[in-house]
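See below for the structure under consideration.
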Amino acid sequence: MAEEHKHEESIMEKIAEKIHGHDNSSSSDSDDEKKASSIKTKIYRLFGREKPVHKVFGGGKPADIFLWRNKKVSGGVLGAATLSWILFELLQYNLLTLFGHVSILALAVLFLWSSATTFIHKTPPHIPEVHIPEDVVLQLASGLRIEINRGFTLLRNIALGRDLKKFLMVVAGLWVLSKVGSSCNFLTLIYIATVLLFTVPVLYEKYEDKVDDFGEKAMKEIKKQYAVLDEKVLSKVMSKIPRGAFNKKKD
């Protein structure tokens with residue numbers, strides 16, 4: 001009997017060890033998952049992005065259009081922009097003339113079609129009521145307002161002399177914009193911006209890991225070069241400016 005009792009105890013000890021080992025493995029798995037999640041949160045994202053690209057564009061239908069969630073609508077918008085650029089820029093067509101000719105042609109065709117149906121005893125053409133959805137316009141206006149206000153806040157902080165780095169970046173960006181503007185007119189510039197808006201975000205969303213990795217390396221190199229510039233040039237220039245001038249402005 002004693003031997004049987006010892007044998008049962010050894011079996012129970014083995015079962016307890018297996019259960020304990022399973023608990024340890026599950027706890028280690030949970031620790032690994034926590035570590036993996038913490039590593040994921042530390043991944044560098046371009047421009048400090050924390051939200052998905054779809055949320056950055058405000059979500060909803062506008063983001064679906066820019067990111068080609070609805071390929072028919074996105075292709076239609078980009079095709080209309082391309083056609084407009086060809087007509088107004090390459091063919092030098094006037095906007096009012098185009099609007100007048102298209103309107104005359106459309107109204108004449110519909111009028112003749114509707115009138116002919118009364119003589120041939122057929123149903124008149126179905127002309128749907130066209131209206132712009134209010135929610136889409138409000139979403140676009142809200143997103144545009146947020147970005148404009150953010151730009152005004154950035155320009156105000158730069159004008160107050162709070163961030164020399166941003167000042168240099170904005171000056172460089174405006175200089176590039178002026179060079180681009182001198183080489184093409186406003187309509188071409190708008191078309192280029194439209195094409196970039198419909199191509200760059202969707203490509204970035206597709207290859208965001210590779211782009212973010214490259215962006216992290218580029219930002220490290222830029223920070224390194226800026227530190228050298230700050231040490232050799234900017235710090236010397238700022239040291240020569242009397243501090244009393246800034247104190248008078250604050251007063």
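Miscellaneous remarks
- Rounded if a/c under 1.5, otherwise prolate or oblate - segment 131-183, Cα gyration tensor axes: oblate
- Subset of Lys166/Lys224; Lys51/Lys71; Lys179/Lys223 violating a 20 Å alpha-carbon distance limit: Lys51/Lys71; Lys179/Lys223
- Solvent-accessible surface ranking, highest first, for Ile146, Ile132, Ile120, Ile65 at 1.4 angstrom: Ile132, Ile120, Ile146, Ile65
The values are calculated or read from the model by the stated rules, or taken from the named source; none is laboratory data. These figures come from a predicted structure and were not determined experimentally. Heads up: the accessible areas ignore ligands, DNA and RNA and are worked out on the full protein's heavy atoms, side chains in. Shrake-Rupley method; radii C 1.70, N 1.55, O 1.52, S 1.80 Å.
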